[in-house]
Every structure is written in structure tokens, then in C-alpha cells.
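Remarks on the structure that follows.
The values are calculated or read from the model by the stated rules, or taken from the named source; none is laboratory data. Just so we're clear, the structure is a prediction, and the values are computed from it rather than from any experiment. With ideal geometry, Cβ positions are generated from the backbone for all residues, glycine too; neighbour counts draw on all protein chains shown. Surface areas here come from the heavy atoms of the whole protein model, side chains and all, with no ligands, DNA or RNA. Shrake-Rupley method; radii C 1.70, N 1.55, O 1.52, S 1.80 Å.
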Amino acid sequence: MRSGTVSNAPSRRREIAKESAQHIAVAALVTAKVAFVMPITIIFLVSYIGLTALAGFAKGFLALKVIGAVNVGFMLIAGNYALAWLLAIIYVHVANTTFDPMAERAFPLPNRFEVSQ
Amino acid sequence: MNATLGIFVVILIVTLAITYWAAKHTSTTSEFYAAGNQLTAAQNGFALAGDWCSAAAFLGFSGLTALYGMDGAFYALGPLMAFCTVLFLIAEPLRNTGKYTLGDVIRVRMQTRTSLLAVITGTIVVNFAYLMPQMAGAGVLVKLLTGISYDWAVIFVGASMIVYVAFGGMLATTWVQIVKAALMLAAGALILVMVLVLVNFDLLTLFRDAQTRYGPQFLLPANYLRNPFDQISLGLGFVFGLAGLPHVMTRFYTVPDAKTARRSVVWVMFLAGAFFVGTTLFGLAAANFVGQDVIRVADRGGNLTLPLLAQYLGGGKGTLGGEIMLGFVSAVAVATILAVVSGLTLSTSGAIAHDFYVNWVKRGHLEEHRQVWIARTSTVVIGVLAIALGILAQGVNVAVLVILAICVAASANFPVLTLSLFWRRFNTGGVVGGMLLGLVSSVVLAMIGPAMRGADAIWPLVNPTIVSMPLGFLGAVLGTLLAGRDKENEARFGAFSLRVHAGSRGRIAAPEF
């Protein structure tokens, strides 16, 4: 039997199985994180860097008045503050409810920080 | 000016008492560099606000708004947006992977001496580029606010910072930053309420009056940054530079786990963000009530805008209320500088004592009590060096250094850190390539740009991040490809990812080199 070649080291085999299970679990976590973090990162970058680009190249648009003397530019600045706070709250909610349980499955808490380097 | 000195002496006594208490609880390296990882999310959030809001934020943003209108509001928005990058990409992986410094992350990932040395260079360049203008700014500001001479002001700020950090380590630094953040927010809230009462809770009148007095262009961009690409470059510098600043990274090691690191970023986003919104309103209010002429006479760069507004709101020059308000805001400004330079000194000590001496020279073999001794000694040396540089910088144009710090952080540290965390093939060649190209391009472009050479600039942009950051990434990728495959390093990446994303420890042996 081919499996007999490693049967003299069952503990080592269990360890390898555990390790690869962990690596699969963490790969799933990374995939889930990328699927969520990538879009929100793009949203905030487009919103903020886009606004700085408008400031450089579309002053006429930013000059349009919205309420009284307040123009589109100041509204968009206010909008970016709101966006940063909103995305932060959403991120923390998703991380608490989705990512933390997945990390816990990949590497149960009691084992964490067993050796502090 | 007596009110300023009086209030500041109280702040000084409180912070020294904190240091005395902290020194009794600081005997291990973990306590010295990371406050024993025992801080709560709220504590670290306040400390982050204290660490990140320099005098440039506390005084500068309202000054820029008062003198240049909307460009000041842009300056205030960037530092908040920057925390999105930190929250989504950097904070939790840093907490899970490192111990005290950026060097720790790279050391665990690459396990080579060359990569560690490259990252130490990046840390020291950024920290000194940041520290030197802070010291010079402290000299100018303390002189303006209290009347003591420039040299003595620098010596006083440097000596206080040495005492906080060398004796109290991260615990004292943290609490100095928390006290400063609380005072800063209290001052902001007080001024905001007084402004609101003054305009009958109608903020629109601030904009209307400013437009009437200074014309519609005041409420539009390009009064301060004339080149359109400079706006974008500044934005990029903020959003990626903060994530590459070593003294901000260090703060994430002070909490017990990734979850707390995450929550502390949300704290700072609301605390500092609210203050940044305030600076825009304060700037407009100061332009309307104090007037640009008075602001310019007090300080050409507008740095006394907030103290002058506080004086006006308190009842005006010569009144008791006015002098107390002026004194309070000025004292908070000095506390602001102390909190920031302390964080910078501690982080630089981490790079020199922990990364360079202990892990590079001694290859990690040094008894704990010797490590703490080295950390304290290096703090004193860095502090004395900072004082000397601060005194030498008098009258020299240090604005270029501020730009350089944030630009090198975005162009060298940020690419190297993110690629280390997320790219399997990234190797030592990439660390060196990214650090080299990011650093050299930032330094060269800043030196030949308008911040250094004024009208004789060879390069048009004040802030070179828009070019140097892509170059940093290019250097990192080219370095990785030119160095060839590092199979051992790639095989370790699975275990490394487990640590980055799930906080596992002990999977990767401490590197022996």
C-alpha cells in the first residue's frame, strides 16, 4: 500500500492535513475580503481622488451654487466626509459578522498568540 | 501671553505626572514600544487622533481656509480619507503580523537582512523628515505664543519629549497624546458652539459673508495650489502616505488584537474627522470676524488664525475672556506639538534600537533588560539630534521636508508594506527596488520642485507623489522580477497569510540571520 510509506508517522500526517485545511480556510477568507474590500476601496478612491481632479479641471462645475453661497464643491467635500464615515461603519460591521468568524474557523482563538515573537 | 504660560504649565505638570506613573509600568520592551498591547479601542483612537493631528492640522487647516478658502477645506478632508486606506488594508494585518515596528513585518515575511536594512532606511528617512519641521515649527510657534526665544523653545520641546519617551515609553506617549486629543477636541467644541451662537445657528451665513467680503473665487479651488495636478498629487499623498507612516503604524501594536485595532480606527475617524470639519468652519469664521489682514499681520502663513478667532470669540483683545481663550488655544497648540514629536521619537527609537541594533546587528540575541536600556538610550540620542536639527533649521525652508515625509511614506513604505502583505511572489529584490526607486524619486523631485527652488523650479509640482508612488510600485515589481523566484519565501506565504489574516502566531519561526 502506498499510504503505508507514511503510516509510521500518523501525527505528522494529521499535522499536514490540519495545516492544509487551515490554508484552505484562510484562502477562502482572503477571497471574501478581496471581494468586499476591493469595491469599497475603489469607491472611496474614485470619490476622493475624483474630487481633487474636479478641483483641478472642472472649477466651473464646483462653482455651481446649491444652497445660498454654498457650491457643489463644498457639497462634495461634505459628501466625502459622510462617505468615509459610512464606509468605515459598513466595513466594521462586515468584518465583525463575516471575516472574524471565518478567521476563527481558520485559526481558533485559544491557539492564537501561543508564541509571541 | 501670561494666560498661555499658565495653562501650559498645568498641562506640563499633568503630563509629567503621567510620565512618572508610566515609568513605573515600563520595564519590558513590550511595555516600552507597545504599552504591553493592553490599550482599549477608545484609548488608541484618542491617541491616534493625538498622533496624527500635528500643529499643521490644529492651526494650519483653519489658517489655510481663512486665507485661501476652499483649498483649506481640501487640506482638511485628505487626512480623514487617508484612514479609509488604513482601515481597509493596513491596520489589522499590521497588528496580526508585527510586534513593534514596520521592520518586524518585513523581517517575518522576507527573513533577510537586506530587506530589514531597506525598511529601516525608509523608516528613519520618513521620521526625521517629519520630525525636523515639527521641531522648527515648535520653535517658531512657542516663540510666537509665549515670547521665549526660538532656540530655547526648541530645547524645551525636545527636552520634554525626551523625558516622556525615555522614562515612560509608549504608555506615557499614549497618554500625552490622549490628553492632547481631548484638549484639542474640547477647544474645537467650545469654539464651534461660540461660532454657532454668533451666527444664530445658521452656518450658511458663514459662506455668504465670506463670499460677499472676498468674492466668489474665495469659495473655489486653486487659490493655494495653482497647478491642477498638485491637488491630485496631494490627495494621493494623503491617502497612501498615512498608511506608510511608521509612527502611525506603531500605534496599532498597542492594542491586544486585530478587532481592537479596527475599532480604534473608527474612533479616530470620528474624533479627528469631526475636528477637520470644524477647521473649515473656523477658517471661514475667522476670515469673516477677524479678517484676513489681521491674520496675515500676526503670521504670514495664517498659523495664528485659530488663536485669534478664539480671542475674538472670548471678547476680543485686552478682555479677560479673550486672553483666556487665546491662552487656552495656544497652550493646546504647544501640547499638540509635544504629542506628535513624542510619537515620532518613539517610532524612530523602534527602528534604531529594535530593528537595527537588536535584530540586525545582534541578530535578535540580546537580553530583555539590555534591549530596554538600548531603547531608552537611543531615545535620548534621537532627542538630542532632533534638538540640534531644529536649531539648525531656523530660517531654513523646511516646508519641503513635510512634503518629503508624506511622499516617501506613500512612494516607498506603502508599496513595500502592501506588496509584502498581499503578493506571494514579492521578494527581497522587490523590497530593495521599491524602497530605492520610491525614496530616490521622492527626494529628487521634491528637491527640484517649487517647494525647494521657488520660481526656479525645474519640476512643476510641489508634491511629487503622483509620479513617485507609481515609480515606487514599479521599482518593487521590477526588483522582484529581476531577483528571480524565491521558492522558500513563496512556500512560506501560506503560513504568513494565516498570520496576516487570522492572527496565528508561532507558525513561522523567528528568522535566524
Restricting attention to the stretch B:261-289, and to residues there that are β-branched (V, I, T) and buried (at least 23 other Cβ atoms within 10 Å of the Cβ), which single residue is farthest from B:T65 (Cα to Cα)? B:V265
For the stretch B:149-168, does any single residue satisfy the condition of being modelled with pLDDT under 95, of a type in the set (S, T, N, Q), under 25 Å from B:G327 (Cβ atoms) and outside any helix (DSSP H, G or I)? yes
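Please pick out the residue among A:E19, A:E15 that is acidic (D, E) and within 11 Å of another protein chain (Cβ to nearest Cβ). Break it down into steps so the answer makes sense when it comes.
Numbers: A:E15 fails: within 11 Å of another protein chain (Cβ to nearest Cβ).
Sole residue among the options that is acidic (D, E) and within 11 Å of another protein chain (Cβ to nearest Cβ): A:E19.
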In the stretch B:56-84, what residues are away from chain A (no Cβ under 14 Å) and either surrounded by 24 or more Cβ atoms within 10 Å (Cβ to Cβ) or of a type in the set (D, E) (or both)? B:F58, B:L59, B:S62, B:G63, B:A66
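If only one of B:L204, B:L185, B:L225 is more than 8 Å from chain A (Cβ to nearest Cβ) and either open to solvent by less than 10 Å² (accessible area, probe 1.4 Å) or over 30 Å from B:P464 (Cα atoms) (or both), which one is it? Quick ask: steps written out before the conclusion?
Working: B:L204 fails: more than 8 Å from chain A (Cβ to nearest Cβ); B:L225 fails: either open to solvent by less than 10 Å² (accessible area, probe 1.4 Å) or over 30 Å from B:P464 (Cα atoms) (or both).
Step by step, each of B:L204, B:L185, B:L225 is checked, and only B:L185 is more than 8 Å from chain A (Cβ to nearest Cβ) and either open to solvent by less than 10 Å² (accessible area, probe 1.4 Å) or over 30 Å from B:P464 (Cα atoms) (or both).
Confirm whether B:V248 is more than 9 Å from every other protein chain (Cβ to nearest Cβ), open to solvent by 50 Å² or more (accessible area, probe 1.4 Å) and β-branched (V, I, T). Give the derivation first.
On the way: more than 9 Å from every other protein chain (Cβ to nearest Cβ): yes; open to solvent by 50 Å² or more (accessible area, probe 1.4 Å): no; β-branched (V, I, T): yes.
It is false that B:V248 is more than 9 Å from every other protein chain (Cβ to nearest Cβ), open to solvent by 50 Å² or more (accessible area, probe 1.4 Å) and β-branched (V, I, T).
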Cβ contacts < 7 Å: first residue facing another protein chain (nearest Cβ under 7 Å), restricted to the stretch A:80-98; second residue in a helix (DSSP H, G or I) and among the hydroxyl-bearing types (S, T, Y), any location; separation 6+ or different chain. Result? A:N80/A:S47; A:N80/A:Y48
Do we have any residue at all in the stretch B:46-54 that's within 14 Å of chain A (Cβ to nearest Cβ), farther than 27 Å from A:I42 by Cα and surrounded by fewer than 24 Cβ atoms within 10 Å (Cβ to Cβ)? no
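Just give me the residues in the stretch A:39-60 being exposed (fewer than 13 other Cβ atoms within 10 Å of the Cβ) and modelled with pLDDT under 95, in sequence order.
The first filter runs over the stretch A:39-60 and keeps only residues exposed (fewer than 13 other Cβ atoms within 10 Å of the Cβ), leaving A:39, A:42, A:46, A:60.
A:G60, the sole residue that qualifies.
Please work out which residue is modelled with the highest pLDDT, limiting yourself to the stretch B:487-506 and to residues that are outside any helix (DSSP H, G or I) and surrounded by fewer than 19 Cβ atoms within 10 Å (Cβ to Cβ). Walk me through it before giving the result.
So in the stretch B:487-506, the residues outside any helix (DSSP H, G or I) come out as B:503-506.
From what's left, surrounded by fewer than 19 Cβ atoms within 10 Å (Cβ to Cβ): B:505-506.
Working: B:R505: 59, B:G506: 49.
So, considering only residues that are outside any helix (DSSP H, G or I) and surrounded by fewer than 19 Cβ atoms within 10 Å (Cβ to Cβ), the one modelled with the highest pLDDT is B:R505.
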Any chance the stretch B:266-277 includes a residue that's touching a helix residue (DSSP H, G or I) at 6+ places or on another chain (Cβ under 6 Å) and either more than 13 Å from chain A (Cβ to nearest Cβ) or not in a helix (DSSP H, G or I) (or both)? no
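Give the residues of the stretch B:100-148 that are polar (S, T, N, Q), within 18 Å of B:G350 (Cβ to Cβ) and part of a loop (DSSP other than H, G, I, E, B), sorted by residue number.
Restricting attention to the stretch B:100-148, the residues satisfying the condition of being polar (S, T, N, Q) are B:101, B:111-112, B:114-115, B:121, B:123, B:127, B:134, B:146.
If we keep only those that are within 18 Å of B:G350 (Cβ to Cβ) as well, we get B:101, B:115, B:121, B:123, B:127, B:134.
Within the stretch B:100-148, just B:T101 meets the criteria.
State whether one or more residues within the stretch B:388-399 are without any contact (Cβ under 8 Å) to a residue 12 or more places away in the chain and small (G, A, S). Walk me through it before giving the result.
Taking the stretch B:388-399 and keeping what is without any contact (Cβ under 8 Å) to a residue 12 or more places away in the chain, we get B:388, B:392, B:395.
If we keep only those that are small (G, A, S) too, we end up with B:388, B:395.
There is at least one residue in the stretch B:388-399 that is without any contact (Cβ under 8 Å) to a residue 12 or more places away in the chain and small (G, A, S).
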Any residue in the stretch B:222-248 that is within 19 Å of B:P450 (Cα to Cα) and touching a residue at least 24 places away in the same chain (Cβ under 8 Å) sitting within a Cβ distance under 7 Å of a residue that is charged (D, E, K, R) and open to solvent by less than 20 Å² (accessible area, probe 1.4 Å)? List the pairs, counting only those 6 or more apart or interchain. B:N223/B:D71; B:Y224/B:D71; B:L225/B:D71
Helices (runs of 4 or more DSSP H) lying entirely in the stretch B:1-99 (those with 3 or more residues that are over 30 Å from B:G318 (Cβ atoms)): B:2-24, B:29-34, B:41-52, B:70-85, B:91-97
Just a yes or no: is a residue in the stretch B:431-448 among the small types (G, A, S), farther than 20 Å from B:S233 by Cβ and open to solvent by less than 10 Å² (accessible area, probe 1.4 Å)? no
Within the stretch B:251-260, can you find the residues that are open to solvent by 10 Å² or more (accessible area, probe 1.4 Å) and part of a helix (DSSP H, G or I)? B:A258, B:K259, B:T260
Say whether the condition of being under 22 Å from B:A34 (Cβ atoms) and open to solvent by 10 Å² or more (accessible area, probe 1.4 Å) is met by at least one residue in the stretch B:379-396. yes
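For every residue, the table says whether it meets (1) buried (at least 24 other Cβ atoms within 10 Å of the Cβ); (2) under 21 Å from B:G158 (Cα atoms).
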site: B:G302; (1), (2): yes, no
site: B:A310; (1), (2): yes, no
site: B:L313; (1), (2): yes, no
site: B:T319; (1), (2): no, no
site: B:I324; (1), (2): no, no
site: B:T336; (1), (2): yes, yes
site: B:A339; (1), (2): yes, yes
site: B:L346; (1), (2): yes, yes
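Residues in the stretch B:291-300: is at least one at positive phi and away from chain A (no Cβ under 14 Å)?
At the first step, the residues of the stretch B:291-300 found to be at positive phi are B:291.
If we keep only those that are away from chain A (no Cβ under 14 Å) too, we end up with B:291.
Scanning the stretch B:291-300 turns up at least one residue that is at positive phi and away from chain A (no Cβ under 14 Å).
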Is it the case that some residue within the stretch B:479-494 is under 18 Å from B:V105 (Cβ atoms) and touching a His at 6+ places or on another chain (Cβ under 8 Å)? yes
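Mind telling me which of the residues B:L196, B:L190 ends up being open to solvent by 40 Å² or more (accessible area, probe 1.4 Å), in a helix (DSSP H, G or I) and at pLDDT 95 or above? Full working, then the answer.
On the way: B:L196 fails: open to solvent by 40 Å² or more (accessible area, probe 1.4 Å).
It is B:L190.
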Hey, could you check the stretch B:228-245 for residues that are of a type in the set (A, V, I, L, M, F, W, C) and open to solvent by 10 Å² or more (accessible area, probe 1.4 Å) and say which is nearest to the other protein chains (Cβ to nearest Cβ)? B:I232
